[in-house]
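Everything on this sheet refers to the single structure shown next.
The values are calculated or read from the model by the stated rules, or taken from the named source; none is laboratory data. Predicted model, so just to flag it, every value in this text is computed and none were measured. Neighbour counts run over all protein chains shown; Cβ positions are idealised from the backbone, glycine included. Each accessible area value is taken on the protein alone, full model and side chains, heavy atoms only, with ligands, DNA and RNA left out. Shrake-Rupley method; radii C 1.70, N 1.55, O 1.52, S 1.80 Å.
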Amino acid sequence: MIKRFVEKVQTLFTRRRRAGKPRQVLRDEHGIQRERVPRSALRVCETLQKAGHHAYIVGGAVRDLLIGVTPKDFDVATDATPEQVKPHFRRAIIIGRRFRLVHVMFGSETIEVSTFRAAANGEQAVDAHGRMLADNVFGTQADDAARRDFTINALYYDPTTETVIDYHDGVKDIRRRRLRMIGDPQGRYREDPVRMLRAVRIAAKLGFEIDEATRSPIARLADLLGNVPPARVFDEMLKLLTSGHSVACILRLRAEGLHHGLLPLLDVILEQPEGERFVMLALSRTDERVRAGKHIAVGFLFACLLWHEVLKRWKELQAAGAHRIPALDAAIDEVLGRQTEKLAIQRRFVADMRDIWMMQPRFERRSGRAPHALLAHLRLRAGYDFLALRGAADEAPAELVTWWHDFMHADEDGRARLLAAAPAPPKGEGPRRRRRRRPKSGSEAASAAGSAASS
Ligand code: ATP
Ligand code: MG
């Protein structure tokens with residue numbers, strides 16, 4: 001009886017809030033410590049408020065502050081237009097064409113300031129599957145809250161009054177550790193299929209449950225990701241892989257059925273049984289680095305993800321009679337040719353990947369001038385880290401990894417001693433072979449040999 005009554009009152013309240021009345025959560029209840037907000041974000045809010053505007057910290061930062069996680073970046077939402085915002089700050093630029101935002105810079109920090117905007121209202125452009133193509137009208141704060149993805153991402157913190165404004169019960173969902181879509185999940189995924197990836201990433205990052213109604217359409221609608229421009233999927237996958245929780249994200253993606261054939265990158269990770277150990281090790285090392293606040297080199301990460309594809313092709317080409325180094329070169333060309341476009345890997349990362357891979361057989365040459373020549377390689381550090389990862393995955397001898405570590409850190413005498421003590425390379429993997437065997441047969445071997453001639 002009492003439960004019924006409470007439910008009724010709750011429903012009434014939710015309706016009222018849906019009609020645009022938010023809940024105001026005071027400091028005692030939300031517990032956010034103002035000191036945890038950087039001065040830059042405080043300055044932006046205070047300056048705009050003094051000029052008569054509303055300004056709030058919004059999105060992931062409020063969510064993270066409520067949970068006690070250190071936010072990655074701080075965004076501000078305001079009722080001021082970009083043209084009204086810009087003149088208040090010494091270093092500010094308006095960016096974006098469709099929807100303009102202001103970037104306010106303080107030293108190395110950037111605060112992104114966006115004007116409240118409204119969600120799709122039927123008049124906006126959508127593609128044949130309902131995907132929103134533009135999202136560019138100004139709106140009220142209530143509109144702005146409603147167009148955000150999850151309830152926990154639609155919270156506004158006013159650092160002056162220390163109040164959190166909550167239109168969609170986000171504070172409650174944070175307490176319940178639940179990720180819940182605002183509005184009808186299916187429609188919201190259709191509008192923007194990337195939200196499926198965001199759901200998985202944010203839930204994995206926070207260790208939250210995905211609410212059943214938010215979770216259940218994912219497997220069914222996963223195909224829609226195929227309509228999203230590959231560059232956008234790449235950006236989101238990169239966020240996922242460098243979130244510090246990539247292993248948890250990958251496992252969740254698999255559990256939600258968001259892989260096979262949809263996300264080529266995920267197929268790369270999950271559909272190669274022999275490489276899975278290596279890839280998972282690479283991802284867990286990446287997670288450790290991110291959590292320790294260290295830099296992640298995207299080229300290195302992708303070199304890890306595609307290594308077993310290269311390795312497989314390299315072996316095949318050698319089996320067909322191609323020489324070791326030209327075969328690797330040709331295998332790399334093939335894999336990059338196939339994957340760069342599919343995965344939308346940006347060109348600037350490709351050179352790093354190639355260098356890292358091409359260096360691997362060179363580490364095995366431990367006589368003459370070859371090791372010294374390798375020391376001068378610009379990407380030696382990345383190449384060595386990759387070798388060490390192969391060692392950790394039992395794919396390269398531990399002795400080789402240690403030898404290179406010592407060689408890189410030794411003085412000239414030490415290096416001479418190491419060279420004298422280095423074991424002979426495994427048969428067939430030594431210094432350049434003098435005798436050239438002809439490729440046996442078949443077009444693959446011929447093409448590998450062709451690339452040998454050109455390299
Ligand atoms: P992170 O901690 O990874 O930065 P975030 O939630 O802050 O997570 P951002 O990409 O920085 O993610 O987005 C900032 C805010 O913009 C989100 O909190 C959410 O309110 C809104 N948002 C981002 N992407 C979408 C989307 N695809 N649909 C609706 N709202 C979105
Ligand atoms: Mg963010």
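Taking amide hydrogens as modeled 1.01 Å from N in the peptide plane, which residues meet the under 5 Å criterion relative to residue 155, leaving out close sequence neighbours?
Correct list: 59.
Between residue 27 and residue 110, how high is the FRET efficiency from 1/(1 + (r/R0)^6) when r is the Cβ-Cβ distance and R₀ = 25 Å? Nearest 0.05.
0.35
Assuming 1.002 mPa s and 20 °C, estimate D for segment 298-421 with Stokes-Einstein, Rh taken as the Kirkwood radius over Cα pairs, in µm²/s.
140 µm²/s
According to a simple spin-label model (label point 7 Å from Cα along Cα-to-Cβ), what is the distance in nm between residue 177 and residue 284?
So the two model labels end up 2.2 nm from each other.
Residue 315: which aspartates and glutamates have alpha carbons under 19 Å from its alpha carbon, excluding same-chain residues fewer than 8 sequence positions away?
Within the straight-line limit of under 19 Å, residue 315 reaches these aspartates and glutamates: 271, 274, 276, 329, 333, 334, 355, 364, 394, 395, 429, 444.
Holding the Cα-Cα limit at 19 Å, pick out from 50/72; 72/205; 239/294; 205/239 the pairs that are longer than that.
Table pairs above 19 Å Cα-Cα are 50/72.
Could you give me the ³J(HN,Hα) list for segment 59-71, computed from phi with Karplus coefficients 6.51, -1.76, 1.60 and θ = phi - 60°, whole Hz, x at Gly and Pro?
The phi angles translate into x, x, 5, 5, 4, 5, 4, 5, 7, x, 8, 6, x Hz.
For residue 384, what accessible area in Å² do you get when you roll a 1.4 Å probe over the heavy atoms of the protein chains, rounding to the nearest 10?
In the full protein context, residue 384 sits at about 20 Å².
Pairs of Cα atoms under 8 Å, at least six residues apart: use those to get the relative contact order of segment 298-421, whole percent.
22 percent
What ranking do 348-357, 361-370 get when scored by the average of other Cβ atoms within 10 Å per residue, highest first?
348-357, 361-370
Taking just the alpha carbons, could you work out the radius of gyration and Dmax for segment 341-414, both in angstroms?
Computed over the Cα atoms of segment 341-414, radius of gyration and Dmax are 13.7, 49 Å.
When ranked by the protection proxy of mean other Cβ atoms within 10 Å per residue, highest first, what sequence do the peptides 142-154, 307-319 form?
Peptide ranking by packing, descending: 142-154, 307-319.
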